[in-house]
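The values are calculated or read from the model by the stated rules, or taken from the named source; none is laboratory data. Computed from a predicted structure; not experimentally measured. We place every Cβ from the backbone using ideal geometry, glycine too, and count neighbours over all the protein chains shown.
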Amino acid sequence: MFTRRLLLGLSTRATRASIPNKSIYKPTDLRSYAQQTSTSSNAVDNMDMHTFHKLSDKVFDSLTEALESELEEGAFDVAETSEVDYSSGVLTLSLDKYGTYVINKQPPTRQIWVSSPFSGPRRYEYDIKLNTWLDVRDGSSLNQMLDEELSPIFNKQLEVGLGWME
């Protein structure tokens, strides 16, 4: 009990009643929250792992290829100091003064998570009827968000084709 109090930043005088029940979230709580906050009624809730990886791999392959092509062209102000790296389901796009995007797979929730220097953290679920990945909070597409945020940086309309499944 003493160790738990120290880890939670409580004094040794804190009583058990002063420690909130929900102070430590279990992964199952977070997974449940992520699934409950979906805005799409067409989200694939029971998508099997193989299908999730097939769909998300297409996104990451297309996105990595498009971004590497833009960096090679170098037609924007921070091209020389920018880089894209994809490894183990995590894509990192470092754009110098504009910040860093981290895009990764979340197999337990069947989501793609994006950390954007402009719009913050976002989670996307696949919508089978629209054949696209939609933000669980506002329903916007992953493709739309990337186009809107990256086009001003690359000084041109950037259409990131994400290679959706046929």
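Of the residues 138, 96, only one is surrounded by fewer than 18 Cβ atoms within 10 Å (Cβ to Cβ), more than 21 Å from residue 56 (Cβ to Cβ) and out of contact with any strand residue (DSSP E or B) (no Cβ under 6 Å at 6 or more places or on another chain); which? Explain how you work it out, then say what you get.
Working: 138 fails: more than 21 Å from residue 56 (Cβ to Cβ).
Unique residue meeting the criteria: 96.
Residue check, residue 105 against (1) crowded, with 19+ Cβ neighbours inside 10 Å; (2) touching a Pro at 6+ places or on another chain (Cβ under 8 Å); (3) more than 17 Å from residue 144 (Cβ to Cβ), all met but one. Which one?
The failed condition is (2).
Name, by its number, the condition in (1) on the phi > 0 side of the Ramachandran plot; (2) in contact (Cβ under 8 Å) with a residue 40 or more places away in the chain that does not hold for residue 131.
Evaluating residue 131 over (1) on the phi > 0 side of the Ramachandran plot; (2) in contact (Cβ under 8 Å) with a residue 40 or more places away in the chain leaves (2) as the failure.
Quick one: what pairs do we get from the range 46-75, first residue within 17 Å of residue 101 (Cα to Cα) and touching a residue at least 60 places away in the same chain (Cβ under 8 Å), second assigned to a helix (DSSP H, G or I) and among the small types (Gly, Ala, Ser), C-beta under 9 Å, 6+ apart or different chains?
70/79
Residue 61 is checked against (1) at pLDDT below 90; (2) on the phi < 0 side of the Ramachandran plot and fails just one. What number does that condition carry?
With respect to (1) at pLDDT below 90; (2) on the phi < 0 side of the Ramachandran plot, residue 61 is out only on (1).
Residues being farther than 16 Å from residue 52 by Cα and either surrounded by fewer than 18 Cβ atoms within 10 Å (Cβ to Cβ) or of a type in the set (D, E, K, R) (or both): count how many of those fall in the range 113-134. It would help to see each step written out before you state the result.
Step one: list which residues in the range 113-134 are farther than 16 Å from residue 52 by Cα, which gives 114-122.
Right, trim to either surrounded by fewer than 18 Cβ atoms within 10 Å (Cβ to Cβ) or of a type in the set (D, E, K, R) (or both) and you get 115, 117-122.
Residues meeting the conditions: 7.
Looking at the range 96-121, I want the residues that are under 17 Å from residue 134 (Cβ atoms) and touching a residue at least 60 places away in the same chain (Cβ under 8 Å) and have a partner that is acidic (Asp, Glu) and in a strand (DSSP E or B) with Cβ atoms under 6 Å, at least 6 apart or on another chain. Which pairs are those?
Close Cβ pairs (under 6 Å, with a partner that is acidic (Asp, Glu) and in a strand (DSSP E or B)) amount to 111/125.
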